[in-house]
Amino acid sequence: MIKKYFGTDGIRGRVGSFPITPEFIMRLGYSAGKVLISINKYQEGNKRHTVLIGKDTRISGYMLESALEAGLSAAGIDVLLTGPIPTPAVAYLTRALRLQAGIVISASHNSFEDNGIKFFSADGRKLSDEAELSIENGLSSPINLVSPAELGKAKRLNDAPGRYIEFCKSTFPSYLDLRGLRIVLDCAHGATYHLAGSIFHELGADVIIIGAEPDGLNINSKCGVMHVSTLQKAVKQHQADIGIALDGDGDRIVMSDKTGRLYDGDQLIYIIAKHRQERHLLRGGVIGTLMTNFSIEQSFKKLNILFARAQVGDRHILELLLQNDWELGGESSGHIICRDKHTTGDGIIAALQVLFALRDSNKTLAEFMHEVVLYPRTIINVKIKEKSNFLLNTTVKNAQIEAEKNLGNHGRVLLRASGTEPVIRVMVEGKSAHKVRHWAKYIADVIRLVAKK
């Protein structure tokens, strides 16, 4: 069965437009509570089921938090409220406190007008497809409150930020520190605003914090991973050694060196993997996605590091990591999973792993990447009138084969249909920027011609 509401990263949309309304979110909380009770039956006594709710800093979080709390309470679930806290912190605390689930109210890197709901299971991973389907199936059922005595209670978990700070610090080697390092940290006016600075400062760094004055409306606005020019400017202004930009819920990262040169998720994963291989710490290979730059794959091959591609989305990366029993994976956007450190993508922990590589090797970001040049990439979105499988069309396939033959071992072609709109995405990468632009336009034109017939 195809899920109606859950995407690859929970349920997301415009606040006030279905399904991000108080009524729907209350029903979601109630249905989730019923499902969690059914899949987490206690063997002993009458111990109550408890769910953790965290959120980012957007103003709608207050409303949606109350709606979720009401639905869960009606189902007989106790609730722990953390207030603003990063998505990966909810995953960690759910596991550390032996809770039945964790819920995050966030739309990640989107603007404040959007919001969403993400679920984590008791083991700190995204809920299974089966559990999400069960929650969706229960949305149409009436809300039948448990008896008054069985209604869920809610209380604040006041030490949540401190617990997460100590957890993050524990992932950095105790024999190293960050003394002498000046870091500009952009918190995107999001969920890391009140704790990320403490992590790097307590490890010894001189930290300049920007994007740490949330007002409910400015999350991801002209800051963070979506607006990296703010980070670049601050790094140069403060003559910092490193810049770190996070997104609104703290699970994505982009870094900058002292010159303002940016390093995306692909490059940061490469640095972590190369350092681990040099220290004989790399277990297995690395998981990227369909969007991972081709030069990164080629560079891993030169280092004899195994590499595999998953579908876009950290859920798919984690699935393949677990299947292969590997520890490192991520995507260009900055979602990086270090499975030996955490069960989900974590921007702060990824940054600490990169800083570990730099301090341990006494190298800079540029020195780690000097042999790797990202291939030029062209992406063209071809609008089509209706969804049909153009990718199986013989003419389109022949155009792709022609391009791939011309690019040889120095490029690749990726064609994929959008899951949310009538668009075919044409992506071409290669050493030659001219060839990349030519073949992307050529294939896009072929798809347009086929679509007209």
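The values are calculated or read from the model by the stated rules, or taken from the named source; none is laboratory data. Quick caveat: nothing in here was measured; it's all calculated off a predicted structure. Counting neighbours? That spans all protein chains shown, and the Cβs are built from the backbone with ideal geometry, glycine included. Just the protein is used for accessible areas: all its heavy atoms, side chains included, with ligands, DNA and RNA removed. Shrake-Rupley method; radii C 1.70, N 1.55, O 1.52, S 1.80 Å.
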For residue 378, indicate whether it is modelled with pLDDT of 95 or more and closer than 18 Å to residue 412 by Cα. yes
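Would you please name the residue that is farthest from the chain's Cα centre (by Cα), looking only at residues in segment 74-99 that are over 16 Å from residue 163 (Cβ atoms) and surrounded by 22 or more Cβ atoms within 10 Å (Cβ to Cβ)?
Of all residues in segment 74-99, those over 16 Å from residue 163 (Cβ atoms) come to 74-79.
Then keep just the ones that are surrounded by 22 or more Cβ atoms within 10 Å (Cβ to Cβ); that gives 75, 77, 79.
Working: 75: 30, 77: 28, 79: 25 Å.
Taking the candidates together, the pick is 75.
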For segment 11-41, what are the residues that are open to solvent by less than 10 Å² (accessible area, probe 1.4 Å), closer than 19 Å to residue 87 by Cα and small (Gly, Ala, Ser)? 29, 32
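For segment 312-324, which positions are in contact (Cβ under 8 Å) with a residue 40 or more places away in the chain and over 18 Å from residue 273 (Cβ atoms)? Working first, answer last.
Taking segment 312-324 and keeping what is in contact (Cβ under 8 Å) with a residue 40 or more places away in the chain, we get 312-316, 318, 324.
Of everything in segment 312-324, those that are in contact (Cβ under 8 Å) with a residue 40 or more places away in the chain and over 18 Å from residue 273 (Cβ atoms) turn out to be 312, 313, 315, 316.
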Scan segment 42-59 for residues that are touching an Asp or Glu at 6+ places or on another chain (Cβ under 7 Å), modelled with pLDDT of 95 or more and either exposed (fewer than 15 other Cβ atoms within 10 Å of the Cβ) or in a strand (DSSP E or B) (or both) and report the count. 3
Selection from segment 399-453 of residues farther than 26 Å from residue 385 by Cβ and acidic (Asp, Glu) yields 404, 429
By residue number, the members of segment 133-154 that are open to solvent by less than 40 Å² (accessible area, probe 1.4 Å), closer than 13 Å to residue 35 by Cα, in contact with a helix residue (DSSP H, G or I) (Cβ under 9 Å, 6 or more places away or on another chain) and not β-branched (Val, Ile, Thr) are 136, 138, 139
What number of residues within segment 60-73 are free of Cβ contacts under 8 Å to residues at least 40 places away in the same chain and either of a type in the set (Asp, Glu) or surrounded by 24 or more Cβ atoms within 10 Å (Cβ to Cβ) (or both)? 0
Out of the residues in segment 167-209 that are open to solvent by 30 Å² or more (accessible area, probe 1.4 Å) and of a type in the set (Phe, Trp, Tyr), which is farthest from residue 254 (Cα to Cα)? 175
Taking the criterion of being under 16 Å from residue 171 (Cβ atoms), open to solvent by 60 Å² or more (accessible area, probe 1.4 Å) and within 17 Å of the chain's Cα centre (by Cα), would at least one residue in segment 357-364 satisfy it? no
Tally the residues that are part of a helix (DSSP H, G or I) and either crowded, with 16+ Cβ neighbours inside 10 Å or more than 32 Å from the chain's Cα centre (by Cα) (or both), restricting the search to segment 374-396. 4
So the check is Cβ under 7 Å with 6+ separation or different chains; which pairs have a first residue in segment 147-164 that's at pLDDT 95 or above and a second one that's part of a helix (DSSP H, G or I) and open to solvent by 50 Å² or more (accessible area, probe 1.4 Å)? 154/69
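Looking only at strands (runs of 3 or more DSSP E) that fall completely inside segment 218-334, which ones have 3 or more residues that are open to solvent by less than 30 Å² (accessible area, probe 1.4 Å)?
Details: elements: 242-246, 253-257, 286-289, 307-310, 328-330.
The strands (runs of 3 or more DSSP E) meeting that bar are 242-246, 253-257, 286-289, 328-330.
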Could you list all residues from segment 102-124 that are open to solvent by 10 Å² or more (accessible area, probe 1.4 Å), under 16 Å from residue 188 (Cα atoms) and in a strand (DSSP E or B)? 114
If we keep only residues of segment 260-281 that are more than 21 Å from residue 347 (Cβ to Cβ) and in contact (Cβ under 8 Å) with a residue 24 or more places away in the chain, then the residue nearest to the chain's Cα centre (by Cα) is 277
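Looking at 413, 426, which one is assigned to a strand (DSSP E or B), open to solvent by less than 20 Å² (accessible area, probe 1.4 Å) and within 10 Å of residue 382 (Cα to Cα)? Break it down into steps so the answer makes sense when it comes.
Numbers: 413 fails: within 10 Å of residue 382 (Cα to Cα).
Only one candidate qualifies: 426.
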For residue 233, only one of the following conditions fails: (1) in contact with a Ser or Thr (Cβ under 7 Å, 6 or more places away or on another chain); (2) within 27 Å of residue 187 (Cβ to Cβ); (3) of a type outside the set (A, V, I, L, M, F, W, C). What is its number? (1)
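Looking at 371, 404, 367, can you tell me which residue is assigned to a loop (DSSP other than H, G, I, E, B), charged (D, E, K, R) and open to solvent by 50 Å² or more (accessible area, probe 1.4 Å)?
On the way: 404 fails: assigned to a loop (DSSP other than H, G, I, E, B); 367 fails: assigned to a loop (DSSP other than H, G, I, E, B).
Just one listed residue meets the conditions, 371.
Take residue 227 and tell me if it is within 21 Å of the chain's Cα centre (by Cα), without any contact (Cβ under 8 Å) to a residue 12 or more places away in the chain and over 30 Å from residue 37 (Cα atoms).
Working: within 21 Å of the chain's Cα centre (by Cα): yes; without any contact (Cβ under 8 Å) to a residue 12 or more places away in the chain: yes; over 30 Å from residue 37 (Cα atoms): yes.
Answer is yes for this residue.
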